[in-house]
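No value in this document is a laboratory result; all are computed from the given coordinates. The structure displayed is predicted, hence computed values, not measured ones. Quick reminder, even Gly has a Cβ in these numbers, built from the backbone with ideal geometry, and neighbours come from all protein chains shown.
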Amino acid sequence: MKPTTCLLLIIIPLLQLAIPGSAQCTLDSSVDTKIKAVLSELEYKHSAPMKKLSCFSVKNTGRLSSCPAGTTVTGCSCGYACGSWDVRGENTCHCQCAVMDWTTARCCHLS
């Protein structure tokens, strides 16, 4: 081998080490930074005070159970393992089975 060829074989790998090979990494970090900036602008910033959801149960005998004014039914439970119920007028649970010993309404409101 000629001395020039040997010198080139040594210099080429050294030149590759000297050239910044992190161009792709720089691009990736740049894109990540821009994505994070856009996402942070999209985040919900609430200025109103946080409201609290308060819930309680109302149990009555029979097929109907109603929530007090200012609350809304969020679920119902019926005795005798009856799983068939509906909500009437946003505040009353109605169990649809023929024989019913109790009905419970789950009532909630924002405070």
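Data overview
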quantity	calculated
Pair Ala98, Ala37: separation of 7 Å Cα→Cβ label points (nm)	7.2 nm
Cross-link reach list, aspartates and glutamates versus Lys59, counting only Cα pairs under 16 Å and skipping chain neighbours closer than eight places	Asp86, Asp101
Vicinal HN-Hα couplings computed from phi for segment 49-60 (Karplus, 6.51 cos²θ - 1.76 cosθ + 1.60; Hz; Gly/Pro x)	x, 5, 9, 10, 8, 10, 10, 7, 10, 10, 10, 9
Nearby aspartates and glutamates by direct alpha-carbon distance to Lys36 (threshold 13 angstrom, same-chain neighbours under 8 apart not counted)	Asp28
Whole-Hz couplings from phi, Karplus 6.51/-1.76/1.60, listed for segment 96-103; x for Gly and Pro	9, 6, 4, 10, 9, 9, 8, 9
Amide proton proximity set for Trp85, modelled H, under 5 Å, gap of 5+	Gln96
Other-chain or far-sequence residues with amide H under 5 Å of Ser65's (modelled H)	Cys93
Label-reachable residues, segment 89-111, where backbone N falls under 12 Å from a point 7 Å from Thr74's Cα toward its Cβ	106-111
